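Presented below is the structure to which this report refers.
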Amino acid sequence: MKINQNYSRLEESYLFSTIAQKVSAFQTDHPKTEIIRLGIGDVTLPLCSAVVQELHKAVEEMGHKDTFHGYGPEQGYPFLKASIRGHYAVRGVHLDPDEIFVSDGAKSDLGNILDLFDVDNTVLIPDPVYPVYVDTNLMAGRKIVYLDANQENGFLPMPDEQVKADLIYLCSPNNPTGAVYTKEQLKQWVDYAAYCGAVILFDAAYEAFVQEDDLPRSIYEIDGAKECAIEFCSFSKTAGFTGTRCGYTVVPMALQREGMSLNHMWLRRQTTKFNGVPYIVQKGAAAVFQEEGMQQIRKNIAYYQHNAKVIADTLTGLGIWYTGGKNSPYIWLKCPHEMKSWEFFDWLLQEAHVVGTPGAGFGKNGEGFFRLTSFGDQDKTAEAMQRIQKLLK
Ligand code: PLP
């Protein structure tokens, strides 16, 4: 018996546990001080009422013999796939229902998709990055080439034809940097993938935060992307489904490699290893893309966007360099006074009682940077910014 030794290549992630320990130690020493947390990546507003109503109705249906639902189609119910299709059509992207796979969230599919690819593939991953891309490839024993995202390229690295990649991870709007690729930049990535025969794994989990109309929300807005890209999306940040769990993955019919259809491979994988998302959850998710639901989630997103603007305006006023904030819930700032990420974390906690996330926790290029999120309460976010302003003025 041999275990998968690749697990020993994984580095323990101490990021969030170290933050929790430091915050807890500070609170013990200063029990009366109010700490404001701008480090969380989870949403704080509840599900909107249009979704809750549909969830209730679906629960009721499950209690009656004639409307009960047992195993559903592994790739999702047609009613939800139709809603997702409609959502893409608004952006001029036309999908076949069979190209859409409903999932229990983007994270699982981002890991599971690797079943389709050989272990010998070279994987290109930006640094800093959402750690799931790195760890899932390390677990499988794949070789990773890191792509430097930094202040010079606005944390939007572009392809280098000298580097040969088979799988490419892109996340836009980005976690942790909040940076968003333009259509022209994504076109360069699509052309590069076509040149290498590579497959792009495009994470669009934050697409709902894009405000500027000319910025792409899906990679399929780019010509040629259906031949080289798989897209992952989620109701988590769009509609507060972080605890309810629902997402979707698009694998185009046009995506073929070595005479195989990746769509057919993914269907085979899902029907073998996955039994679908609960009917109740899919009913709730479908309400998101209906008129009432759409209006309500836009209001919630606007609430977070207001926070992002307050944070961004404060940093602009202080002359601090940052990315994100406008088309993303994340603001990625350069630590003032040349401080390192953890140094700034400690200083901010001690002096302003505000908690963020040290950029160094997302990769080596994150050192010297810091992530703030807009998922908090509006009054507390405004208060945190006043404290930071006072401290850094
Ligand atoms: N992709 C990115 C970039 C994320 O930041 C997250 C969650 O924070 C996810 C995917 C996971 O989304 P889900 O809740 O749908 O699994």
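Mind checking which pairs have a first residue in the range 236-254 that is free of Cβ contacts under 8 Å to residues at least 60 places away in the same chain and a second that is near the ligand (Cβ under 9 Å from one of its atoms) and part of a helix (DSSP H, G or I), Cβ under 9 Å, 6 or more apart or different chains?
GLY243/SER236
Under 8 Å by Cβ, and 6 or more places apart or on different chains, what pairs join a residue from the range 95-112 that is on the phi > 0 side of the Ramachandran plot with one that is in a strand (DSSP E or B) and near the ligand (Cβ under 8 Å from one of its atoms)?
GLY105/SER234; GLY105/GLY247
Just to be sure I understand, how many residues within the range 131-155 are over 16 Å from ILE113 (Cα atoms), in contact (Cβ under 8 Å) with a residue 40 or more places away in the chain and surrounded by 20 or more Cβ atoms within 10 Å (Cβ to Cβ)?
2
Just to check your reading of the model, which residue among LEU215, LEU201 is at pLDDT 95 or above, aliphatic (A, V, I, L, M) and either part of a loop (DSSP other than H, G, I, E, B) or more than 11 Å from the ligand (Cβ to nearest atom) (or both)?
Answer to the selection: LEU215.
State all residues of the range 341-382 that are under 18 Å from the mean Cα position of the chain (by Cα) and on the phi > 0 side of the Ramachandran plot; if no residue qualifies, say none.
Within the range 341-382, just GLY363 meets the criteria.
Free of Cβ contacts under 8 Å to residues at least 24 places away in the same chain, over 30 Å from VAL251 (Cα atoms) and surrounded by 18 or more Cβ atoms within 10 Å (Cβ to Cβ): which single residue out of ALA308, ALA360 fits that description?
Result of the check over ALA308, ALA360: ALA360.
Filter the range 69-111 down to the residues that are part of a loop (DSSP other than H, G, I, E, B), of a type in the set (S, T, N, Q) and farther than 19 Å from GLN270 by Cα and list them by number.
Residues of the range 69-111 that are part of a loop (DSSP other than H, G, I, E, B), as a first pass: 69-77, 91-96, 104-105.
Then keep just the ones that are of a type in the set (S, T, N, Q); that gives 75.
Within the range 69-111, none qualify.
Would a scan of the range 299-308 turn up a residue that is under 18 Å from ASP42 (Cα atoms), within 16 Å of the ligand (Cβ to nearest atom) and part of a loop (DSSP other than H, G, I, E, B)?
For the range 299-308, residues under 18 Å from ASP42 (Cα atoms), within 16 Å of the ligand (Cβ to nearest atom) and part of a loop (DSSP other than H, G, I, E, B): absent.
The values are calculated or read from the model by the stated rules, or taken from the named source; none is laboratory data. Because the structure is predicted, anything quoted here is derived from the model rather than measured. Methodologically, a virtual Cβ is constructed for each residue, glycine included, from the backbone with ideal geometry; neighbour enumeration extends over all protein chains shown.
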